[in-house]
1. Output the Cα-based Rg and Dmax of the range B:20-107 in Å, rounding Rg to one decimal and Dmax to a whole number.
2. Could you work out the pair-distance distribution P(r) of the range B:69-134 from its alpha-carbon pairs, with 10 angstrom bin width and percents rounded to whole numbers?
3. What is the sum of charges around B:Ser11, taking Lys and Arg as +1, Asp and Glu as -1, for the other residues whose C-beta is under 13 Å from the C-beta of B:Ser11?
4. What is the interface area between chains A and B, defined as buried accessible area summed over both chains with a 1.4 Å probe, reported in Å² to the nearest 100?
5. Along the charge dipole of the protein assembly as shown, which of A:Ile199, A:Phe116, A:His235 sits closest to the positive end, that is, farthest toward it, with unit charges on the beta carbon of Lys, Arg, Asp and Glu (+1, +1, -1, -1)?
6. Provide a whole-number value for the mean count of partner chain Cβ atoms within 10 Å of the Cβ atoms in peptide A:53-59.
7. For Cα pairs less than 8 Å apart in space and 6+ apart in sequence, what is the mean separation divided by the residue count of chain B, i.e. the relative contact order in percent?
8. Kindly work out what percent of the DSSP beta bridges joining two residues of chain B are antiparallel, to the nearest 5.
2 protein chains.
Amino acid sequence: MVTIYDIARLSGVSKSTVSRVISNHPHVSAETRSKVLNIMQQHQYVPNSLAKQLRQKQTKSIAILVPNLNHPYFSQLVSYLSAACYAKGFKTVVHQTFSSKQIEIDVYTQLQRNEFDAIILASSSTLSEEEVAAYTENKLVIACNEDYSGTYFDVFCLNEEEVTMKATAYLLNKGISKLGFCSDYIDSPLQQARLKGFISAHDKKGLNYNKDFLFNHISTIEDGIKLGEKIFHEHLEIEGIIAGSDFVAAGLIKSAVNNNIQIPQYFSIIGFDNHPISLVTSPQISTISNCIQEMTTELVDHVIRKMNGSKQTPIKKVYNGEVIIRGSC
Amino acid sequence: MVTIYDIARLSGVSKSTVSRVISNHPHVSAETRSKVLNIMQQHQYVPNSLAKQLRQKQTKSIAILVPNLNHPYFSQLVSYLSAACYAKGFKTVVHQTFSSKQIEIDVYTQLQRNEFDAIILASSSTLSEEEVAAYTENKLVIACNEDYSGTYFDVFCLNEEEVTMKATAYLLNKGISKLGFCSDYIDSPLQQARLKGFISAHDKKGLNYNKDFLFNHISTIEDGIKLGEKIFHEHLEIEGIIAGSDFVAAGLIKSAVNNNIQIPQYFSIIGFDNHPISLVTSPQISTISNCIQEMTTELVDHVIRKMNGSKQTPIKKVYNGEVIIRGSC
DNA sequence: TTGTACGCGTTATCAA
DNA sequence: TTGATAACGCGTACAA
């Protein structure tokens, strides 16, 4: 392997000069620069990033933490985050926690060991905010998508509570009052926010919701199908449901069709995320749009700024989702 | 920041001994070991991975190259690959090329600069095999999912040609002979293999295919819908289609429904990948299963072995997909 | 504009 | 079982 020292020797200059050429420093004569560049080309010199990283204590890489990448929402989120990072000269290390506390802690350890410059926590943590903060002290962590408090680290998320309230109110106002609610992990800040919105919409109308109709651990198409079978076979008294995701909604619709339940006449459904799948079911899925593109772009901008800049108190930025009415309600 | 040297000083031993403790080397007395471990705990010492990586010329990270992560197939593929790497103690850096040659070359440059130990090329390259080999000489590259030759680097892929031939033959044998074929990027080895299978099924029956019915750049639900509108509005003489993906198939079905075209009576569809979406359309989608789990596990095992072991001639491993008949044909 | 000399934090080699 | 010392390849004050 040819090193910076070899290039220096072959060019008849010092390491420092070669280094300056590599880094595009000024104060190098045009003559020297071209001479060095020539030698570099001739010998196919490639700088070693590890040495540079060690010296500068910067890896130019950012870790993204998600529960699972094999998922229509998270894959989209990571796609945008990763692209935004790349645009700023950073590469992204993807970590799937599969909701394992051990894996999550592993990642925080890697952060402490300087294996990346920051973590984007793009999901709920299996730890409390305080614990996360403790594991990552003096390092940079940003929460994306989850409704954290904003006291320990910066937060970028959707107005989950408000928009869920709006969607729920839409159904209630149509006289559809026996409602169900699906979540993947009900303990996460995101799902808690949605649940709050679901409840407060009931409160405003002076209605009660049925705790038996809060379904947890529902996240895939298959889960939606199974839940539908349960609802329609056991003849649960549910008239509508906030589905948690468009994929779950698609499964529910499929199950309703199988059981000859007319949608929206006898059963109403609202999904989440405005995924293209909501266009191909019959009927099409009413859903809630997110602001992934805007959110991820601004988040990454913020991370980069913060990496160079000074410490400041955390910020929390909230984006507005919107209810989109189609055929399923 | 507390370094290995600080720990050595505070423990009253040398750097070397501390290093041995960290690395779980033998030949350290139990007494010394526990003493050092104590000091490390007290001062919350965390080793710096960058220094270790520089010294050992190993990053314990592997890059995965895909065109786009916001995609039902690639997100699944990366999910499995990433999980398999993690299980072997490697982290994964995800790079989306968006089919940009420049971005792809960037990644190869990073490989040369030792920013990761290997690349898994999980898609078609924008470069020829020779070019990729040239950019990555002396480094480790493995192809996943694409039907490369196996002369320049190791290849793990599906029997795309054979299985596409079977699917095509299934339709032809039912008397459905005016067939279309969708691809995302027709120039990729994968799509070329599928096309070969499509054609050879026709050849075996002594039939011709219509070149006007080879549709390129079709990959999303929306693309499928648009293509359906074109087919049904312009009354193209197509009786069936090999859709390239279940998402495209879902879009086509939606469009057929919109235009009152009965499936499979008047139009047949076969998708790819056996994604859960094939369960929620009406009718359900006939499709082709892949072997992602087996393929990715064996591939990662192979990468790891090869990283430690000696050079050997590349291998090519082919997995068998299967045609799954449901309602759409 | 260029060169000298040192430091980044760790592991590997060799000798004791 | 331990320690001294030399790498690993590069960036950067500081001096010239």
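The values are calculated or read from the model by the stated rules, or taken from the named source; none is laboratory data. Bear in mind the structure is a predicted one, so any value in this text is a computation, not a measurement. All Cβ positions, even for glycine, are placed from backbone atoms using ideal geometry, and neighbour counts span all protein chains on display. Note: accessible area is taken over every heavy atom of the protein model, side chains too, but ligands, DNA and RNA are not part of it. Shrake-Rupley method; radii C 1.70, N 1.55, O 1.52, S 1.80 Å.
1. 19.4, 57
2. That works out to 18, 50, 31, 1, in percent per bin.
3. +3
4. It comes to approximately 4500 Å² buried between A and B.
5. Going by the charge dipole, the pick is A:Phe116.
6. For peptide A:53-59, the averaged partner shielding equals 4.
7. The value is 15 percent.
8. Bridges in chain B that DSSP calls antiparallel: roughly 10 percent.
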